[in-house]
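Notes follow the structure.
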Amino acid sequence: MNFKQIVDSENRRLRNEVTSEEKSHLLEDSKTYIFFQDLIMDIQSLLEKDETVQGYLPLTSSGNLAISKQGISGLSYARTERAKQYVKEFKDTRNNQLLVFTEKRILFLVIIDYLDSQTYFSYPYSSISAFSLKPRKLNRYEKPEDEEIMFWAYFDFQSDNNIFSDVLTKKDFVLFQHFHDTIPALNKIPIIENIQRKNPLDYIVSNWHFNYRFMMLVNMLLILLAIGLVLGIVFGVGIFKDWYYRNLIEMIYLLPYFGH
């Protein structure tokens, strides 16, 4: 049982939906289950007296934003014994991340960082003006299961000066909607499609969706530039026709004759 499945079972336990058969399966995966129960106990210590956990949303590189969990971004050094044991048992550095929803706020934990230095982020609902949540899916499916596989939604919000961005799978999307519908303070925050930032610089620098579209535009412009150069230099047409190297090409053809 992987990290997401363990968290999903805990969400269903909170809603009293876990069957006795599922509990026995959890015991079979005791190592992961015990770890997560210990983590839950730790999270309890982060809560205020009148605050309780309403649900969990796990994020991994499987279906979520892999670029934030792989390569250089996915490297983390375990220094404490607890973090080292976690890395040894689960072969994970920054892949497993967790959003914790309470009545008042969202807690965000990168598991390895939390185990190593108790680092976590707190996003009070009162500090979030809106959630950017836009679902996307393929317009054409080659087989029925593609609709489930290719569904994704970008998820983004700003809490004070902290910015959170990730990609949600269909299951994550439905789970977040459930939390939004059932947690009163969370439900007051509107869901919109456009990404919002408090200042223009953040919109450019801390907006992966904008950066993705910008890079796509730059790539298209570079391709058009390359085509224009080829048309101008080789065929003498287009905006680069003044760069036409016909004489140079003719000289290249004549070079073999200079050897005789």
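The values are calculated or read from the model by the stated rules, or taken from the named source; none is laboratory data. Note that this is a predicted model, so its numbers are computed, not measured. So basically every Cβ, Gly included, is an ideal-geometry build from the backbone, and we count neighbours across all protein chains shown. Surface accessibility is based on the protein's heavy atoms, side chains included, excluding ligands, DNA and RNA. Shrake-Rupley method; radii C 1.70, N 1.55, O 1.52, S 1.80 Å.
Distance between the pseudo-spin-label points of THR19 and ILE191 (7 Å out from Cα toward the beta carbon): 2.9 nm. When the pairs LYS134/LYS198; LYS49/LYS170; LYS137/LYS171; LYS49/LYS188; LYS171/LYS198; LYS4/LYS84 are compared against a 25 Å limit on Cα-Cα distance, LYS49/LYS170; LYS171/LYS198 fall above it. Distance between the 7 Å Cα→Cβ label points at PHE121 and ASN161: 1.4 nm. Using the Cβ-Cβ distance between LYS91 and ILE34 with R0 set to 25 Å, the FRET efficiency from 1/(1 + (r/R0)^6) comes to roughly 0.90.
In the assembled protein chains, GLU48 presents an accessible area of approximately 100 Å² (probe radius 1.4 Å). With R₀ fixed at 35 Å, the C-beta to C-beta distance from MET41 to GLN177 puts the FRET efficiency at about 0.80.
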